[in-house]
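Undergrad: Got a structure for you, questions after.
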Amino acid sequence: MANPSAVCNGHLHHHHHQKQNNVLKSGVCKKNGITKGMKKNGVSNGTLYKKTFIEHFEQAPMYVAVLTFVGFGVGTIFGYLRDFMRAWGLEKRNIAEEREQQKDFVPLYQDFENFYTRNLYMRIRDNWNRPICSVPGPQFDLMERVTDDYNWTFRFTGRTIKNVINMGSYNYLGFAETEPNALKTVTKELQKYGTGICSTRQEMGTLDKHVELEKLVAKFLGVDDAMVFGMGFATNSMNIPALVGKGCLILSDELNHTSLVLGARLSGATIRIFKHNNMQSLEKLLRDAIIYGQPRSRRAWRKIIILVEGIYSMEGSIVRLPEIVSLKKKYKAYLYLDEAHSIGAVGATGRGVVEYFGMSPDDVDVLMGTFTKSFGAAGGYIAGKKDLVDFLRTHSHSAVYATSMCPPVAEQIIRAMKCLMGLDGTTQGLQRVRQLGKNTRYFRRRLHEMGFIIYGNDDSPVVPLLLYMPGKIGAFARRMLEKNIGVVVVGFPATPITESRARFCVSAAHTREMLDTVSTADVLLKLTSDAKGVGRSCVSVTLNLNNSFLFLFFWSCHLIFKGILALYILFLKTDYGTVNLLCSSISNSDQACHN
């Protein structure tokens, strides 16, 4: 057992720089162990929240989960059947394969890993990577494309789909805009500085615009200092390795973004996962880390850091920040908060989950956020104590190796942030924050009234609508696009296998008419009992199941016929000219079935 009196949580610097003193003290005591004085931090959950905290994670009926697994199972069986037919030349092989001369080499393409991509993802690939040809505001224009080979390749028709309602972009406050008066200062900076820096921050890449932006970010967040980076993803993945390393412990929420996961893995620190927003799971890991210390040696951890997000982009849930802060103070750990989706989107004045819960920025050791969502720009920031930021200016991989943020982007962020702070002489920023909250609550309430299962917090602009069955993913997105509504659909492996979903992102720029158009689209109404939205009914569920079974029946018969044909060739040695003619007719029917 590690000695609690000897457990030190260290400094939030890289372990090679232990001598740089007094960075990010998270409590009155340096010790990471349990002391008598810590009992006062054990505040009960009921007194931590100053407002009602409501989140929805309704479980699907058992038959839905069973049918979803059955759907994946049937798809897997017929996927293997189609792979067999491709191997024997009965079906065209479109996927990349290695040359015959390299067959004895270590394979570049893992067949089993690509199985899902080949046989399921390709069937619905037309619902992703759609090319947009306008500003991603509340509405956008889309370049129409079609496929002639089941989504292996696409061709553009030359037609533009106009005024598609944008329910997929993270344009929370509507700052992704092209209004000339709004972009006047951005245009001016473009003419003054050009488009690129061509250098890193540590060399010739720090401009007066960067200094101005960093001071404004620090003022906006209420912290000592801040540093900005040119890429939001790299803000996490390249800075976490500078803060922790070997001998440190990272406690990460199981639903954290890939950038946090990658940064944690690159750091070399030990990583342990706690259940999503589950304080009992987190506290158990903290307690065990202090009692047992590091594996084998049982030495105390150099640092323990908790990684969480403000708003989880796939679940629409908000971090239980008051409880986490209470635990991190109790066990003398550090807290790294990723506010990529929450900064600008929640809080009375858009200052994120810290303001949303009425807490002090000093309660969070590392404040991270991005400018790619609410600010309509690019890049990210790290903010906190001056010692922390000064350390990152020297040791951050992004500061040392990455090209600086381009000046027009920096000016766009400054413009949006000044608007939020009221420094532009208007209340437009505050109005946008309030309008986003109204739109979010209205849209969530409408979907609830219609009987849908949606996840997340009532104040989260990320609204996941559960579809469950894999066949509905592609059908839902295609039908919505036919109604001029652009949505994002997500399935396994990005979500649990039984929780495929459509993800709506609400914006302050959406009008009430746009939200009503989305919520009354016939594809949504067909999934509910009737147009009045009186919840689920057995009739509607039965109709949906019947349609699914009919499609599954015809598709199964179609593929079984192909399998019988394959066996016919192998064992009866039929004339290949006849077989090619049959395969051609089957391919045509397969295209019709797909459509």
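The values are calculated or read from the model by the stated rules, or taken from the named source; none is laboratory data. These numbers come from a predicted model, not from an experiment. Every residue, glycine as well, gets a Cβ built from its backbone with ideal geometry; the counts of neighbours run over all protein chains shown. Just so you know, the surface numbers come from the protein's heavy atoms only, side chains and all, with ligands and any DNA or RNA stripped out. Shrake-Rupley method; radii C 1.70, N 1.55, O 1.52, S 1.80 Å.
Undergrad: Residues of region 494-519 being assigned to a strand (DSSP E or B) and open to solvent by less than 10 Å² (accessible area, probe 1.4 Å), which ones? Give the steps one after another, and end with the answer.
TA: Taking region 494-519 as the starting set, the residues that turn out to be assigned to a strand (DSSP E or B) are 500-505.
Of everything in region 494-519, those that are assigned to a strand (DSSP E or B) and open to solvent by less than 10 Å² (accessible area, probe 1.4 Å) turn out to be Ser500, Arg501, Ala502, Phe504, Cys505.
Undergrad: Restricting the search to region 215-238, which residues are over 22 Å from Ile414 (Cβ atoms) and over 15 Å from the mean Cα position of the chain (by Cα)?
TA: Met238
Undergrad: What about Asn239, is it touching a residue at least 24 places away in the same chain (Cβ under 8 Å) and within 30 Å of Ala502 (Cα to Cα)?
TA: Working: touching a residue at least 24 places away in the same chain (Cβ under 8 Å): yes; within 30 Å of Ala502 (Cα to Cα): no.
No: the conditions fail for Asn239.
Undergrad: Here is a further query. Only one of (1) surrounded by 14 or more Cβ atoms within 10 Å (Cβ to Cβ); (2) within 22 Å of Asn151 (Cβ to Cβ); (3) at pLDDT below 95 fails for Ile485. Which number is that?
TA: Failed condition: (3).
Undergrad: Going through region 191-210 one residue at a time, which ones are open to solvent by 60 Å² or more (accessible area, probe 1.4 Å) and assigned to a helix (DSSP H, G or I)? Spell out how you get there, then give the answer.
TA: The first filter runs over region 191-210 and keeps only residues open to solvent by 60 Å² or more (accessible area, probe 1.4 Å), leaving 191-192, 195, 198, 202-204, 206, 208.
Across region 191-210, the qualifying residues are Gln191, Lys192, Asp208.
Undergrad: Separate question: Name the residue, out of Gly137, Gly174, that is open to solvent by less than 60 Å² (accessible area, probe 1.4 Å), assigned to a loop (DSSP other than H, G, I, E, B) and not assigned by the TED database to the domain that holds Ser460. Steps first, please.
TA: Numbers: Gly137 fails: not assigned by the TED database to the domain that holds Ser460.
When all the criteria are applied, what remains is Gly174.
Table: residues versus (1) part of a helix (DSSP H, G or I); (2) of a type in the set (Gly, Ala, Ser); (3) under 26 Å from Asp516 (Cα atoms).
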position	(1), (2), (3)
Thr426	no, no, no
Gly429	yes, yes, yes
Leu436	yes, no, yes
Thr440	yes, no, yes
Leu465	no, no, yes
Arg478	yes, no, yes
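Undergrad: For region 300-321, how many residues are closer than 18 Å to Gly456 by Cβ and open to solvent by less than 10 Å² (accessible area, probe 1.4 Å)? Walk me through how you get there before you give the answer.
TA: From region 300-321, those closer than 18 Å to Gly456 by Cβ are 308-321; that's our starting set.
Cutting the leftovers down to open to solvent by less than 10 Å² (accessible area, probe 1.4 Å) gives us 308-312, 316-319, 321.
So the count comes out to 10.
Undergrad: Separate question: Determine which member of the set Pro241, Pro295 is outside any strand (DSSP E or B), open to solvent by 10 Å² or more (accessible area, probe 1.4 Å) and at pLDDT 95 or above.
TA: Working: Pro295 fails: at pLDDT 95 or above.
Among Pro241, Pro295, only Pro241 is outside any strand (DSSP E or B), open to solvent by 10 Å² or more (accessible area, probe 1.4 Å) and at pLDDT 95 or above.
Undergrad: Now, a different point. Working carefully through the options Ile454, Ile414, find the one that is modelled with pLDDT under 95, in contact with a Lys or Arg (Cβ under 8 Å, 6 or more places away or on another chain) and closer than 25 Å to Ser342 by Cβ.
TA: Values: Ile414 fails: modelled with pLDDT under 95.
So the residue among Ile454, Ile414 that is modelled with pLDDT under 95, in contact with a Lys or Arg (Cβ under 8 Å, 6 or more places away or on another chain) and closer than 25 Å to Ser342 by Cβ is Ile454.
Undergrad: Where residues in region 80-94 are in contact (Cβ under 8 Å) with a residue 40 or more places away in the chain, open to solvent by less than 100 Å² (accessible area, probe 1.4 Å) and in a loop (DSSP other than H, G, I, E, B), which of them is nearest to Asn151 (Cα to Cα)?
TA: Once the filter is applied, the top-ranked residue is Asn94.
One line per residue, one yes/no per condition, for (1) modelled with pLDDT of 80 or more; (2) more than 30 Å from the chain's Cα centre (by Cα):
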position	(1), (2)
Ala494	yes, no
Ala502	yes, no
Val506	yes, no
Leu515	yes, no
Leu527	no, no
Lys532	no, yes
Arg536	no, no
Val539	no, yes
Asn547	no, yes
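Undergrad: Sticking with this structure for a sec: Can you name the residue in region 327-362 that is within 22 Å of the chain's Cα centre (by Cα) and among the hydroxyl-bearing types (Ser, Thr, Tyr) and is also most open to solvent (accessible area, probe 1.4 Å) among such residues?
TA: Of everything passing the filter in region 327-362, Tyr356 is most open to solvent (accessible area, probe 1.4 Å).
Undergrad: Test of understanding: among Ile124, Ile77, which residue is at pLDDT 85 or above and open to solvent by 60 Å² or more (accessible area, probe 1.4 Å)?
TA: Ile77
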